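All remarks here apply to the structure that follows.
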Amino acid sequence: MNKRKIIEIERDKCDGCGLCTTACAEGALALDAENKAVLVRELYCDGMGACLDVCPTGALKIVERESDGYDAEAAFAHVLGTRGKEAAAQVHGTGGRSLDFSGCPGSASCAIPAGTDEGEAAGPGARVKSRLRQWPIQLHLVSPFAPYFQGSDLLIAADCTAFALGSFHQDLLEGKKLVIACPKLDETEGYVGKIAEIIKRNGLKSLTVAIMTVPCCSGLFRIVQRAVEASGVSIDVKKIVIGIDGKISG
């Protein structure tokens, strides 16, 4: 283990804005359970200090101390799995290479074309047409760089909403791109930063948040509110609340 330059965080100064988590191309920073910036793993930090420029409180600085060396390949794999291939191509030390997707096939970003069939059949066993127009949809897996987010109407929905609301596809998802998350069961570190990055990069036309009436679900709306603030973009957030009986309010 040799001395090298690496980020150091003054925890008391961190206000949890999350800007550093998106400024770090190597994915070395995240927000912990107390909404404070932390190093995910030291080997992901390249010591270049891109995060310093965006920190509004001066909580970050570069120091020289003993640490495992920066591992570009490990950082690349980490970013590929959490942010997608476009973001992974920006990792320092990878040469900005363009990739064919080499991670889990189920996480590969793609747009889904609308079907050509008109109308929907009625009666038992009838097929209801899906309004889903992109993949993946889970917040941990989506990439802020995915082209289908550009100029889109974005729906951020709590996981349970699609099960409680029978008409979810027709009433909420039609014409929108989708991100799903659970504020209670997910590991939500980095959610504020990732949503902020989606908002900042893509010129969204609208932003809707769908949550359940249960108290824990309101946490998702608060995460989105913080992300909007962190993004610096002026955009209204429409909140839709769904009861366990399937009724919509908000």
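Key figures
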item	result
Extreme residue, nearest to LEU139 (Cα to Cα), among residues of segment 228-240 that are at pLDDT 95 or above and among the hydrophobic types (A, V, I, L, M, F, W, C)	VAL228
Only one of GLY47, GLY27 that is over 19 Å from the mean Cα position of the chain (by Cα) and either within 18 Å of GLY232 (Cβ to Cβ) or in contact (Cβ under 8 Å) with a residue 40 or more places away in the chain (or both)	GLY47
Single match in ALA33, ALA25, ALA37 (criterion: surrounded by fewer than 16 Cβ atoms within 10 Å (Cβ to Cβ), closer than 19 Å to LYS194 by Cβ and hydrophobic (A, V, I, L, M, F, W, C))	ALA33
Pairs where the first residue, in segment 56-70, is touching a residue at least 40 places away in the same chain (Cβ under 8 Å) and the second is acidic (Asp, Glu), C-beta under 7 Å, 6+ apart	THR57/ASP15; ALA59/GLU10; LYS61/GLU8; VAL63/GLU8; SER67/GLU42; ASP68/GLU42; TYR70/ASP46
Positions within segment 49-87 being in a loop (DSSP other than H, G, I, E, B) and modelled with pLDDT of 85 or more, in sequence order	GLY49, CYS55, PRO56, THR57, GLY58, ALA59, GLY69, TYR70, ASP71
In segment 1-48, the residues that are among the polar types (S, T, N, Q) and farther than 12 Å from VAL79 by Cα	ASN2, ASN35
Selected residue (only one of LEU29, LEU19 is under 16 Å from TYR191 (Cβ atoms) and in contact with a Gly (Cβ under 8 Å, 6 or more places away or on another chain))	LEU19
Members of segment 166-207 found to be surrounded by 19 or more Cβ atoms within 10 Å (Cβ to Cβ) and part of a strand (DSSP E or B), listed by number	LYS177, LEU178, VAL179, ILE180, ALA181, LEU207
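The values are calculated or read from the model by the stated rules, or taken from the named source; none is laboratory data. From a predicted model like this one, the values you see are computed outputs, not experimental measurements. Cβ coordinates were reconstructed from backbone atoms using ideal geometry, including for glycine residues, and neighbour counts include every protein chain displayed.
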